[in-house]
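All remarks here apply to the structure that follows.
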Amino acid sequence: MTIDDRPAGTIWTFAEEDYRYGIGPLRLRIERVMSTPVQQDGDLWYEVEGVEVSDQGRVVGPRRATVRASRLPTMRRGA
C-alpha cells in the first residue's frame, strides 16, 4: 500500500528508535517527505513534515522529524 492508497488523514506511528529526536512513539499525519535521504548510523533517513497527534487523537501541532526510511510508507512516483 502507498501513501496515495491511504485515506486522507492517515496517522502513522513510529517507534522511538525509528525517528529522531523524541521520547516515546511518534504519531504523525504525514504531509510531506523530503526527496533526499540522509545516511546515518548505517541506515537511510528522510526528513518528514506533518501534524503530530497525541495517542488520544488530539492535534499537538506541526512537526518535522527525521524518520528511518524502512519505516516510511512507500510512495508512488510519477503519478
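A few comments on the model shown:
- Loop trypsin sites (Lys or Arg not before Pro), region 7-79, which have at most 11 other Cβ atoms in a 10 Å radius of their Cβ (DSSP): 58, 76, 77
- Cα-projected label distance for residue 16 with residue 31, points at 7 Å along beta-carbon direction, nm: 2.8 nm
- Rh (Kirkwood; distinct C-alpha pairs) - region 3-71, Å: 12.3 Å
- Cα lying deepest toward the dipole's positive end in region 3-71, options 70, 38, 10, charges on Cβ: 10
Rule-based calculations on the coordinates, nothing more; no lab input. Since the structure is predicted, the reported quantities are computational estimates derived from the model, not experimental observations. All Cβ positions, glycine included, derive from the backbone under ideal geometry; neighbour counts span all protein chains shown.
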